[in-house]
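Asker: Let me begin by handing over the structure; questions about it come next.
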Amino acid sequence: MKSKTTLILLLLTFLVFSKASAQINLGERALGALQNGMAAYTFSDDDAANLSKEAVRKLDSTNVVAGPKDGYTLRLNRFFGKHSTENGLKLNYKVYLTKDVNAFATADGSVRVFSGLMDIMDDTELLAVIGHEIGHVANHDSRDAMKAAYRKAAIIDAAASQSDKVAKLTDGQLGQIGNAIIDSKFSRKQESEADSFSYEFMKRNGYNVNAVASAFSILAKMSEGTQSNFLTQMVSSHPDPKDRAEIAKSRAQADGLYKPYVAKAINNKATITKAPAKKVTKKK
């Protein structure tokens, strides 16, 4: 009797474990199929642009955006306003009021500059930084980063990730992708190519190319101090900001354009110039 009872228990145990094992295998196969489907998914520039637009809209709603009469906005308009299009992209730009030091550009042409960055760089240095960010878009780095962010967010929803089109994502998923945009990390090759784009952007538009090296020198100094935790998208550990400054300097020397950069005064205050009062001439 004891032997029979033991045999029944063993059979029950085997059935339980077999069922659990089957469920695990099914789950693994489903996840594997999902991941393979996502890996094969064709993510176009238009997909990246459309998704970027939605993600940036979410970011704009969760950050404090400088108003049209704010000093930061007025300053950005002054030095960057003429660049309404660049590399085939129609650009829209805003300032996030935050002490963080950062800037980013996305596949839909959105450019966002953090006020913390505008507090430490003059206009020409900021142009070099923005040129770098546009370089990531022009080189398709932003598209590839957006695809990776979409895969990570959409995997939460199997239906969305298996679609042959970019699915409409939830508010939470858009927030997740928005954060991924700000925290994007690029490879050494991608960063170097974006640096080159920035230098050529400055040169092509007649700006002082020495501001590229100056901008990286500022970030390099900050990375050595107590504010080193700000190193995000613009300042990657590969390559080092000091090296990037030296490379920019070497390019300027090779072009016969090098000279020590002298930064101009920074003014983020709103200044309104009043028109002179008209002189009233009394009739005799």
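The values are calculated or read from the model by the stated rules, or taken from the named source; none is laboratory data. Computed from a predicted structure; not experimentally measured. The protein model used for the area step is the full one, side chains on, heavy atoms only, and it has no ligands, DNA or RNA in it. Shrake-Rupley method; radii C 1.70, N 1.55, O 1.52, S 1.80 Å.
Asker: Tell me, in nm to one decimal, what length is gained between THR85 and THR42 on full extension, where the rule is 0.36 nm per residue of separation less the Cα-Cα distance?
Answerer: Using 0.36 nm per residue and subtracting the Cα-Cα distance, I get 12.8 nm.
Asker: Please figure out what share of the DSSP beta bridges in segment 72-209 is antiparallel and state it in percent, rounded to the nearest 5.
Answerer: Counting only bridges with both partners in segment 72-209, antiparallel ones make up about 50 percent.
Asker: Might you work out the accessible area of ASP240 for me, using a 1.4 Å probe with all protein chains in place, and round it to the nearest 10 Å²?
Answerer: 60 Å²
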